[in-house]
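The values are calculated or read from the model by the stated rules, or taken from the named source; none is laboratory data. This one's a predicted model, so the numbers in the text were calculated from it and none came from an experiment. In this analysis, Cβ positions are derived from the backbone assuming ideal geometry, glycine residues included, and neighbour counts consider all displayed protein chains. Keep in mind that these areas ignore ligands, DNA and RNA; they rest on the heavy atoms of the full protein, side chains included. Shrake-Rupley method; radii C 1.70, N 1.55, O 1.52, S 1.80 Å.
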Amino acid sequence: MAWIRKDLLGLEELGKEEIELILSTAESFKEVSSREIKKVPALRGKTVVNLFYEPSTRTRVSFEVAAKRLSADVINIATESSSIKKGETLVDTGANIEALKADIIVIRHNASGAAAMLARRVNISVVNAGDGWHEHPTQALLDIFTLKEKLGHISGLKVSIVGDIAHSRVARSNIWGLTKLGAQVTVCAPKMLIPPEIEKMGVKVSDNINDALKDADAVNVLRMQFERDLGTAFPQQLEYFKNFGITEERLKKAKKNIIVMHPGPINRGIEIESSVADGANSVILEQVTNGIAVRMAVLFLVAQAQEKIAFSG
Ligand code: CP
């Protein structure tokens, strides 16, 4: 199948085949990072702009590394030292980046829908690097890529997503991606951190961590997002750790080879015990490494689609 979208905005809008195409393209790019010269000319002459309105370590650096491995030029816009500080709107900033002849904008924004809004207003490609509580598609793709690499398939896997589901774009993108590929997803959290009607997304819901871990092939542990004004919805940190924290003791009752994932950054001792984050079941740093190949695939596919759209007039 051919990729025909100029943008990657979320996994909700993608079909199974499109997700599989990104994953198989990422598989072929993964080898590039193990070469002595970690570069291919696929995006030579293209310019990628990282436009991040929220803090990021993994996603921003990973997109920059991915773009450079594809030989693209990369520009990072720090909102603190740009004209965004003077009140420039997102659409005006995007229009100016387009006027500067960039080819792809990678955007992270605290407003749900910001990436889609920008994509409607510019002709160049837009890649969503996380918008509010809505979606973080490349995080879910790298999570799924890592699971597939470890277990060989996604269909039929039991994956539990544990933590602050209500405020999590990572949870939403994982649910869309995993269910489209045939995994059985359970979300587990205190009731106040489960969004209403989440069952309509095709997931099971539990507020018992032992039940959620019992038969799971993998657990994806979400970060508590203290920066998002959790207010009265959030139980005390110690109480949360006691009832929902992923600990060595709890993993003893799970499948021996359960895969432990976390999108990062980790709050050690709040959602996950330090020894589990660093332990034998953890693939947390492998997720980060796989993020490069997945983002290379996404940048490559949207750039290719843009060329096809330009060619067809
Ligand atoms: N997982 C993730 O999005 O991490 P960053 O916020 O550091 O990019």
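Remarks
- Restricting the first member to the range 43-58 and to residues that are of a type outside the set (A, V, I, L, M), and the second to residues that are open to solvent by 40 Å² or more (accessible area, probe 1.4 Å) and within 16 Å of the ligand (Cβ to nearest atom), the beta-carbon pairs closer than 6 Å and six or more apart or on different chains are N50/R60; N50/N76; F52/R60; E54/N110; R58/V288.
- Counted residues, the range 50-66 - those being among the acidic types (D, E) and near the ligand (Cβ under 8 Å from one of its atoms): 1
- Considering the range 151-205, the residues that are open to solvent by 50 Å² or more (accessible area, probe 1.4 Å) and of a type in the set (A, V, I, L, M) include one that is farthest from L11 (Cα to Cα), namely M192.
- Residue within the range 31-49 that is away from the ligand (no atom under 16 Å from the Cβ), open to solvent by less than 40 Å² (accessible area, probe 1.4 Å), in contact with a Ser or Thr (Cβ under 9 Å, 6 or more places away or on another chain) and farther than 25 Å from I144 by Cβ present: yes
- The residues on offer are A2, A26, A66, and the sole one that is assigned to a loop (DSSP other than H, G, I, E, B) and either of a type in the set (A, V, I, L, M, F, W, C) or within 21 Å of the chain's Cα centre (by Cα) (or both) is A2.
- Flag if H167 is in a loop (DSSP other than H, G, I, E, B) and free of Cβ contacts under 8 Å to residues at least 60 places away in the same chain: no
- Set S28, S24, S82: member being at pLDDT below 95 and surrounded by fewer than 22 Cβ atoms within 10 Å (Cβ to Cβ): S82
Residues checked against (1) under 16 Å from the mean Cα position of the chain (by Cα); (2) basic (K, R):
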{"position": "K38", "(1), (2)": "no, yes"}
{"position": "P41", "(1), (2)": "no, no"}
{"position": "E54", "(1), (2)": "yes, no"}
{"position": "R58", "(1), (2)": "yes, yes"}
{"position": "S81", "(1), (2)": "no, no"}
{"position": "E88", "(1), (2)": "no, no"}
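- Some residue of the range 35-58 being of a type in the set (D, E, K, R), in a helix (DSSP H, G or I) and under 21 Å from H136 (Cβ atoms): yes
- L8 falls short on exactly one of the conditions (1) over 22 Å from I154 (Cβ atoms); (2) in contact (Cβ under 8 Å) with a residue 60 or more places away in the chain, and that condition is (1).
- Any pair with Cβ under 6 angstrom, 6 or more apart, that starts in the range 61-79 at a residue that is in contact (Cβ under 8 Å) with a residue 40 or more places away in the chain and ends at one that is open to solvent by 40 Å² or more (accessible area, probe 1.4 Å) and basic (K, R): R69/K38; R69/K39
- Any hit, the range 127-150, residues being assigned to a strand (DSSP E or B), farther than 28 Å from D217 by Cβ, in contact (Cβ under 8 Å) with a residue 12 or more places away in the chain and in the same structural domain as I22 (by TED's automatic domain parsing): yes
- Scanning the range 151-164 for residues that are in a loop (DSSP other than H, G, I, E, B) and away from the ligand (no atom under 16 Å from the Cβ) yields G152, H153, I154, S155, G156, L157.
- Meets criteria (outside any loop (DSSP other than H, G, I, E, B), over 19 Å from the mean Cα position of the chain (by Cα) and either within 22 Å of E149 (Cα to Cα) or in the same structural domain as D211 (by TED's automatic domain parsing) (or both)) for V276: yes
- Among the residues making up the range 293-313, those that are open to solvent by 30 Å² or more (accessible area, probe 1.4 Å) and assigned to a helix (DSSP H, G or I) are F300, Q304, Q306, E307, K308, I309, A310, F311.
- Residue that is surrounded by 14 or more Cβ atoms within 10 Å (Cβ to Cβ) and more than 16 Å from the ligand (Cβ to nearest atom), where the choices are A99, A114, A72: A72
- Among the residues listed as G264, G269, G279, the single one being in contact with a Phe, Trp or Tyr (Cβ under 8 Å, 6 or more places away or on another chain) and either open to solvent by 10 Å² or more (accessible area, probe 1.4 Å) or at pLDDT below 95 (or both): G269
- Scanning the range 37-44 for any residue that is closer than 30 Å to S83 by Cβ and either in contact with a Gly (Cβ under 8 Å, 6 or more places away or on another chain) or at pLDDT 95 or above (or both) turns up at least one such residue.
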